[in-house]
Amino acid sequence: MSGSASDDILEAAAKRQQRKVPHTSTGKDDLINEMTKVSLRGSNAQVSDIPDFGSQMERPRTSRRARSRTADNTANDFIDNSQPLVPFLLCRCQNQDLRTMVDSSSPVSFINKDAFLMCGYSLDQMEKVAFISSTNPSLKIIGRMKNIPVTVGEKELMLDVFVTESGPDLCFGVDILTTYRGVLNFAKRNLTISGHQVELLTERDVPLRYRTGKPAASM
């Protein structure tokens, strides 16, 4: 047999032998195989229990609503829930107690129709006007009354107010606060009006629908 033919036979035999050698895994496969051997010794573990180290672990998704709730809870940690978010004080009109809101966002002052009638007035006594507040569309104004005597602390004030279908008993808006030089002091929790100081009501004395967490726009 010639040398070239012998070389061809040897080369073909080497290729056949190479095909018989099993493929050797590397990298991640080696790591998983080794961990499988260790984890199966003396345990009931399965190969499926081995994590895939090649995949990237994703952080659990947090919904936008859940993130918003978390932000709200964080903000609430800084709110003193023992005090109302909307300042109220106690006034008297015709021997009737009126829980009065102090609202510098309202350009006008007003009295609730029920409180108006409770103080002994009739709807016929008021000047008839009808419009919707631009700052609070849910507030329907039905009339106006001038020179209502309202006692604030020990001071009696003569007030011009609008009459509304809803809202608090009485509300001091920008018009009254400006006329009588009203100044709110949240640190001392009082209102100075016409040079006279009046304490603000605590949370338990404020009408339920105006307490902490209740939006004023819904009242």
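The values are calculated or read from the model by the stated rules, or taken from the named source; none is laboratory data. Predicted model, so just to flag it, every value in this text is computed and none were measured. For neighbour counting, all protein chains shown are included, and Cβ atoms are generated from backbone atoms with ideal geometry for every residue, glycine included.
Odds and ends about this structure:
- The strands (runs of 3 or more DSSP E) falling completely within the stretch 82-186 that include 2 or more residues that are modelled with pLDDT of 90 or more map to 88-93, 96-102, 110-112, 140-152, 155-164, 170-172, 183-185.
- If you check G153, G167 for being closer than 14 Å to S109 by Cα, surrounded by 13 or more Cβ atoms within 10 Å (Cβ to Cβ), touching a strand residue (DSSP E or B) at 6+ places or on another chain (Cβ under 9 Å) and assigned by TED's automatic domain parsing to the domain that holds S104, only one passes: G167.
- Qualifying positions in the stretch 162-191 - out of contact with any Leu (no Cβ under 8 Å at 6 or more places or on another chain), without any contact (Cβ under 8 Å) to a residue 24 or more places away in the chain and more than 22 Å from M126 (Cα to Cα): T178, R181, A187, K188
- Summed over the stretch 86-113, the residues that are within 18 Å of I141 (Cα to Cα) and more than 32 Å from the chain's Cα centre (by Cα) give a count of 0.
- Residue within the stretch 115-135 that is among the charged types (D, E, K, R), touching a residue at least 24 places away in the same chain (Cβ under 8 Å) and more than 18 Å from V102 (Cα to Cα) present: no
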